[in-house]
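Here the structure is laid out as structure tokens; the discussion comes afterwards.
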Amino acid sequence: MSENGANDEYLSVDTNVRHFQTIRFAQLTVFIAILGGLLSLLFTFASGLPTWLSLSLKVGGLAITILFWILQERTMVYWNHFVRLAAQLEKGLGYRQYSTRPRQGFVSGTNAIRGFFLVVCLFWVAAMIWSPL
């Protein structure tokens, strides 16, 4: 591949990295809005909701949390793919933006998001067990 073609591909890959990073936080924003709506329903009308509806909202909250967690994980798979691809392309182009980036350790944004979703899942399970009404 010519250097010009590799540079064009690198720019495209860089755009994909940015796209999937943006998607990741857009998904999180939508999830937090849905979570807020569910929590508002549950705690505002807690005493007036039928038991079946309250439990259904909690099960729905858990299901939505798991679905958005899966979306986050899949988005990160694509993001990581494009970051690795960019690092490979940099070798031929003499660039270093992705190939010299700090390695991800245990304390990372990805693990923080995983922890967040785990805590929200545990919240919904605890809400179903300790407060089934």
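The values are calculated or read from the model by the stated rules, or taken from the named source; none is laboratory data. Computed from a predicted model, the values in this text were never measured in an experiment. Cβ coordinates were reconstructed from backbone atoms using ideal geometry, including for glycine residues, and neighbour counts include every protein chain displayed. Ligands, DNA and RNA are excluded from the accessible area calculation, which covers all protein heavy atoms including side chains. Shrake-Rupley method; radii C 1.70, N 1.55, O 1.52, S 1.80 Å.
Mind checking the per residue accessible area of the range 67-131 for me, 1.4 Å probe, whole number of Å²? Mind dumping the intermediate values first?
Working: 4310 Å² over 65 residues.
Counting only protein heavy atoms, the per-residue value for the range 67-131 is 66 Å².
Given the convex hull of the Cα atoms of the range 21-88, what is a quarter of its surface area in nm²?
Values: hull surface 18.1 nm².
With the hull built on Cα positions only, its mean projection is 4.5 nm².
In whole percent, how big is the carbon plus sulfur part of the accessible area of the chain, probe 1.4 Å, protein atoms only? Intermediate results must be reported in sequence, preceding the final value.
Details: 5780 of 8410 Å².
Here it works out to 69 percent.
With log10 I(q)/I(0) by the Debye sum over Cα atoms at q = 0.09, 0.17, 0.20, 0.22 Å⁻¹ in mind, check [x] -0.26, -0.84, -1.09, -1.26; [y] -0.24, -0.88, -1.19, -1.38; [z] -0.41, -0.90, -1.10, -1.23 and report the label derived from this structure.
Among [x] -0.26, -0.84, -1.09, -1.26; [y] -0.24, -0.88, -1.19, -1.38; [z] -0.41, -0.90, -1.10, -1.23, the one calculated here is [z].
As an exercise, identify the chymotrypsin sites (Phe, Trp or Tyr not before Pro) in the range 44-94 lying in DSSP coil whose Cβ has no more than 13 other Cβ atoms within 10 Å.
Those that pass, being in a loop and sparsely packed, are Phe45.
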